[in-house]
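Q: Following this message is one structure expressed as C-alpha cells.
The values are calculated or read from the model by the stated rules, or taken from the named source; none is laboratory data. On a predicted model such as this, the values are computed, not experimentally measured, just so you know. Don't worry about glycine lacking a Cβ; one is built from the backbone with ideal geometry, like all the others, and counts go over all protein chains shown. Side chains are part of the model used for accessible areas, which takes the heavy atoms of the whole protein and leaves out ligands, DNA and RNA. Shrake-Rupley method; radii C 1.70, N 1.55, O 1.52, S 1.80 Å.
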Amino acid sequence: ALRDLYAQSLLFAGRPADTLKQITISVYNSPWLDDHYYLTIDNRTGLTPADREAVEKGLEMAVAHNFKNAVWALAGFYGGLREFANESELLIKAAAAEPDSALREGLLVAAGSAEADGGRPAASEKYFREAAALDPANPDPYSGLATRVFAPQKRIDAARVVVDEGIRNGADPFTLELALADAAEIADDNSTIEKALLDASDIRPSDD
C-alpha cells in the first residue's frame with residue numbers, strides 16, 4: 001500500500017517512468033488484484049498501455065517466482081482486459097506444471113471458462129473434459145460443459161448427456177441438475193428448466 005502511494009506521488013511529481021517501476025515492484029511484492037486501487041474492476045479499464053505493461057511485468061515476475069496467487073492474479077488481470085487467449089495460455093501452462101491433481105483440475109476448469117469467454121468452444125470442451133478426467137466426481141467440469149459450451153449452442157441434449165455422465169461418475173446430482181436448469185435458461189428451453197428444477201427438488205426437498 002505504501003509503495004502504491006509512493007508511485008502515485010511520483011506520478012503527481014511528473015515522473016512517469018519512476019511511477020511505472022514502482023507499480024511493477026508493488027504488484028510483484030503483492031500479486032493480489034484487490035490490494036492495488038488501480039487494479040480494481042472499476043479502475044482496471046482506465047489503465048494506459050504503459051500501466052498495463054508495468055502491471056503485467058510485475059505479475060509475470062511473481063508467477064516466475066511461484067508466489068502464492070500469482071497465476072490467478074495474472075489470469076484475472078488478463079480476463080478483466082478480455083485478453084482471453086493470454087488468460088487461457090497462462091492457465092494451461094500452469095496446469096501442466098502443477099503436481100497437485102486437485103489444483104491442476106481447477107486450473108483446467110478456469111482455462112475452459114477462458115476459452116468459452118474467448119469464443120472457442122472446441123478448446124473449452126477439451127479443457128473441461130481434461131479436468132473431469134482428473135476427478136470424475138467433481139461437478140464443476142460438467143457444469144462448465146453444460147453452461148459454457150453446450151448451452152450457448154442450444155445443444156441441450158448434449159448438456160443433459162454430460163450432466164447424466166457426471167451423476168453416474170459420482171458428482172453431486174443436485175448441483176448438476178441446477179447447472180442443467182441454468183443451461184436450459186441460456187438456451188431458452190423452458191421445458192428442460194422445469195424438469196431439471198423438479199429433479200433437483202426431488203433430490204433435495206429441504207431446499208425448496
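Q: For segment 137-150, indicate whether the set of residues that are more than 25 Å from Ser88 (Cα to Cα) and of a type in the set (A, V, I, L, M, F, W, C) is non-empty. Steps first, answer last, please.
A: Pass one, segment 137-150, residues more than 25 Å from Ser88 (Cα to Cα): none.
No: segment 137-150 contains no residue that is more than 25 Å from Ser88 (Cα to Cα) and of a type in the set (A, V, I, L, M, F, W, C).
Q: crowded, with 18+ Cβ neighbours inside 10 Å and modelled with pLDDT of 95 or more: is that true of Gly166 in this structure? Write out each step before concluding.
A: Working: crowded, with 18+ Cβ neighbours inside 10 Å: yes; modelled with pLDDT of 95 or more: yes.
Taking the combined requirement at face value, the residue satisfies it.
Q: Same structure, new question: Could you tell me which residue of segment 100-116 is surrounded by the fewest Cβ atoms within 10 Å (Cβ to Cβ), considering only residues that are under 17 Å from Val162 (Cβ atoms) and touching a Ser or Thr at 6+ places or on another chain (Cβ under 7 Å)? So that I can check it myself, show each step before the final result.
A: Of all residues in segment 100-116, those under 17 Å from Val162 (Cβ atoms) come to 105, 108-109, 112-113, 115-116.
Pick out the ones that are also touching a Ser or Thr at 6+ places or on another chain (Cβ under 7 Å) and you get 112, 115-116.
Values: Gly112: 31, Glu115: 26, Ala116: 23.
Here the residue is Ala116.
Q: In segment 89-99, how many residues are open to solvent by less than 70 Å² (accessible area, probe 1.4 Å) and not in a helix (DSSP H, G or I)? Explain how you work it out, then say what you get.
A: The initial filter retains those residues of segment 89-99 that are open to solvent by less than 70 Å² (accessible area, probe 1.4 Å), namely 90-92, 94-95, 98.
Next cut, not in a helix (DSSP H, G or I) only: 98.
Going through segment 89-99 one residue at a time, the tally reaches 1.
Q: Taking segment 143-157 on its own, how many of its residues are surrounded by fewer than 17 Cβ atoms within 10 Å (Cβ to Cβ) and touching a residue at least 24 places away in the same chain (Cβ under 8 Å)?
A: So the first thing to find is which residues in segment 143-157 are surrounded by fewer than 17 Cβ atoms within 10 Å (Cβ to Cβ), and the list is 152-154, 157.
Then keep just the ones that are touching a residue at least 24 places away in the same chain (Cβ under 8 Å); that gives 152-154.
Of the residues in segment 143-157, 3 are surrounded by fewer than 17 Cβ atoms within 10 Å (Cβ to Cβ) and touching a residue at least 24 places away in the same chain (Cβ under 8 Å).
Q: Something else now. Do we have Ser101 as in contact with a Phe, Trp or Tyr (Cβ under 9 Å, 6 or more places away or on another chain) and under 29 Å from Phe150 (Cβ atoms) here?
A: Numbers: in contact with a Phe, Trp or Tyr (Cβ under 9 Å, 6 or more places away or on another chain): no; under 29 Å from Phe150 (Cβ atoms): yes.
Judged against the criteria, Ser101 is not a match.
Q: From the residues in segment 96-145 that are among the polar types (S, T, N, Q) and within 22 Å of Glu83 (Cα to Cα), which one is farthest from the chain's Cα centre (by Cα)?
A: This residue is Ser124.
Q: Open to solvent by 10 Å² or more (accessible area, probe 1.4 Å) and closer than 29 Å to Ile25 by Cβ: is that true of Gly119 in this structure? Let's see the steps before the verdict.
A: Working: open to solvent by 10 Å² or more (accessible area, probe 1.4 Å): yes; closer than 29 Å to Ile25 by Cβ: no.
When the stated conditions are applied, Gly119 does not pass them.
Q: More than 26 Å from Phe150 (Cα to Cα) and at pLDDT 95 or above, is that true of Leu74? Can you show your working first?
A: On the way: more than 26 Å from Phe150 (Cα to Cα): yes; at pLDDT 95 or above: yes.
Spelling it out, Leu74 is indeed more than 26 Å from Phe150 (Cα to Cα) and at pLDDT 95 or above.
Q: Same structure, new question: Among the residues of segment 45-60, which ones are open to solvent by 40 Å² or more (accessible area, probe 1.4 Å), not in a helix (DSSP H, G or I) and not polar (S, T, N, Q)? Don't jump to the end; show me each part of the working.
A: Let us first name the residues in segment 45-60 that are open to solvent by 40 Å² or more (accessible area, probe 1.4 Å), namely 45-46, 48-50, 52-53, 56-57, 60.
Among the residues that remain, those that are also not in a helix (DSSP H, G or I) are: 45-46, 48.
Listed by number, the list holds a single entry, Gly46.
For every residue, the table says whether it meets (1) of a type in the set (Phe, Trp, Tyr); (2) out of contact with any Gly (no Cβ under 7 Å at 6 or more places or on another chain); (3) assigned to a helix (DSSP H, G or I); (4) open to solvent by less than 80 Å² (accessible area, probe 1.4 Å).
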site	(1), (2), (3), (4)
Ala17	no, yes, yes, yes
Asp42	no, yes, yes, no
Ala62	no, yes, yes, yes
Trp72	yes, yes, yes, no
Phe77	yes, yes, yes, yes
Glu87	no, no, yes, yes
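Q: Here's something else I'd like to know. Got at least one residue in segment 149-160 being within 16 Å of the chain's Cα centre (by Cα) and assigned to a helix (DSSP H, G or I)? It would help to see each step written out before you state the result.
A: Start the filter on segment 149-160 by keeping residues that are within 16 Å of the chain's Cα centre (by Cα), which leaves 149.
If we keep only those that are assigned to a helix (DSSP H, G or I) too, we end up with 149.
Yes, that holds for at least one residue.
Q: Follow-up. Write out, first by first residue and then by second, each pair whose Cβ atoms fall under 7 Å of each other, whose residues are 6+ apart or on separate chains, and whose first residue, in segment 94-122, is at negative phi while the second is open to solvent by 70 Å² or more (accessible area, probe 1.4 Å) and in a helix (DSSP H, G or I).
A: That search, which allows pairs on different chains as well, returns Leu108/Glu130; Val109/Asp140; Gly112/Arg148; Ser113/Arg148; Ala116/Arg148.
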